[in-house]
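> Quick one: structure below, then a few questions.
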Amino acid sequence: MSTDVKRARSGARTARMSRTALFENVAGFLFISPWIIGFLAFEFGPLIAAGYLGLTKYDILTDPRFVGFANFDKMFTRDPLFWKSLGVTAVYSLSTVILGIILGVALAVLLNQSVRGLSLYRTIFYLPAVISGVAVAYMWIWVFNSEAGIVNTLLDYVGIDGPNWLFSTTWTLPAFIMMSLWAVGGGMVLYLAGLQGVPTQLYEAAALDGAGRWAKFQNVTLPMISPVIFFNFIIGIIASFQVFTNSFVITKGGPANATLFYVLYLYRHAFENFKMGYAAALGMILFAIIMTLTIISFRLSNRLVYYEGRIT
């Protein structure tokens, strides 16, 4: 076969491959185009708009007036409620994320045993994770009622005079932290999936080395489910910094701003005081905080999270 014929066939084959690759690329972009359009319209676009509005004085009724970094200057130097809301949210976030992980892993370990009625128990613990909103907030008002609430009634049975949970500057935030553990079943399901994916050979090898239950849990179970823990940790940080409903419905940020969460403070400026420019600036700070914490967490995950098959 002549060299010219070989080149012609090779060129035709390359052209067919190029057309196939082009078709696959176009088809791929068409399939993901709904997500791309949604992302640009409902996430990236509003983010850019919020960044601009954060540099303006805007009350919805009049056109935005550019004021530069005045909103941020006021926020950091002349707005004590900004720091108050940020501190309340940070304490809440740290507490709920840590307690949620500990309780979620503990429940998953318990529900990973071979006992009768296991499916029923798993369903019971998971159901609260799919129930949320105003109805749940009103349920907690009844649960933490100082006169006839379940919590104080149970404390009274053991001789403890329960506090006025929702109207005490000392006990309101702990009450909200306990409320957050209501939905721990969502993370529990993921931990349970991770536990069921741990190879039994690792436990057998650890047993041959004389490891007890705690040693197996510490040296086998935790490293193997660490990617799931890390995932729930990131999701927990993002969700906890955006807590809003319970505070808005139950306490309105009180008493004495003890439950003035960051998003509730942002909401007040945006939809009660109509200071959209200042609210947008608050939103950009929230975005920066969550982004920074996420980046730091991913950097630390290289040393703390075990990924099977990762080449080091």
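The values are calculated or read from the model by the stated rules, or taken from the named source; none is laboratory data. Small disclaimer: the values here were computed from a predicted structure and weren't measured. Ideal geometry is used to build each Cβ from the backbone, glycine not excepted, and the neighbour counts take in all protein chains shown.
> Among the residues in the stretch 152-164, are any within 24 Å of Ala239 (Cα to Cα) and buried (at least 18 other Cβ atoms within 10 Å of the Cβ)?
Looking through the stretch 152-164, none of the residues is within 24 Å of Ala239 (Cα to Cα) and buried (at least 18 other Cβ atoms within 10 Å of the Cβ).
> Determine which single condition Thr259 fails, assuming it passes every other condition in (1) within 23 Å of Trp140 (Cβ to Cβ); (2) without any contact (Cβ under 8 Å) to a residue 12 or more places away in the chain.
(2)
> Can you give me the number of residues within the stretch 186-243 that are among the β-branched types (Val, Ile, Thr), touching a helix residue (DSSP H, G or I) at 6+ places or on another chain (Cβ under 7 Å) and free of Cβ contacts under 8 Å to residues at least 40 places away in the same chain?
3
> I've got another one for you. Yes or no: Tyr203 under 19 Å from the mean Cα position of the chain (by Cα) and surrounded by 12 or more Cβ atoms within 10 Å (Cβ to Cβ)?
Spelling it out, it is not the case that Tyr203 is under 19 Å from the mean Cα position of the chain (by Cα) and surrounded by 12 or more Cβ atoms within 10 Å (Cβ to Cβ).
> For the stretch 234-257, give me each residue that is under 17 Å from Met178 (Cα atoms), aliphatic (A, V, I, L, M) and in a helix (DSSP H, G or I).
Once the filter is applied, which keeps residues that are under 17 Å from Met178 (Cα atoms), aliphatic (A, V, I, L, M) and in a helix (DSSP H, G or I), the stretch 234-257 yields Ile237, Ala239, Val249, Ile250.
> What are the residues in the stretch 258-286 that are assigned to a helix (DSSP H, G or I), farther than 19 Å from Thr245 by Cα and hydrophobic (A, V, I, L, M, F, W, C), if any?
Within the stretch 258-286, Met276, Ala280, Ala281, Met284, Ile285 qualify.
> Restricting to the stretch 76-126, and then to whatever is touching a residue at least 24 places away in the same chain (Cβ under 8 Å), within 24 Å of Tyr262 (Cβ to Cβ) and among the polar types (S, T, N, Q), can you tell me which residue is surrounded by the fewest Cβ atoms within 10 Å (Cβ to Cβ)?
Among them, the one singled out is Ser95.
> For the stretch 59-149, which fully contained helices (runs of 4 or more DSSP H) count at least 2 residues that are at pLDDT below 90 and closer than 30 Å to Thr170 by Cα?
Fully inside the stretch 59-149 and qualifying: 134-143.
> Six or more apart or on different chains, Cβ atoms under 7 Å: show the pairs whose first residue is in the stretch 160-177 and part of a loop (DSSP other than H, G, I, E, B) and whose second is surrounded by 15 or more Cβ atoms within 10 Å (Cβ to Cβ) and polar (S, T, N, Q).
So the pair list comes out as Gly162/Ser146; Gly162/Asn152; Asn164/Ser146.
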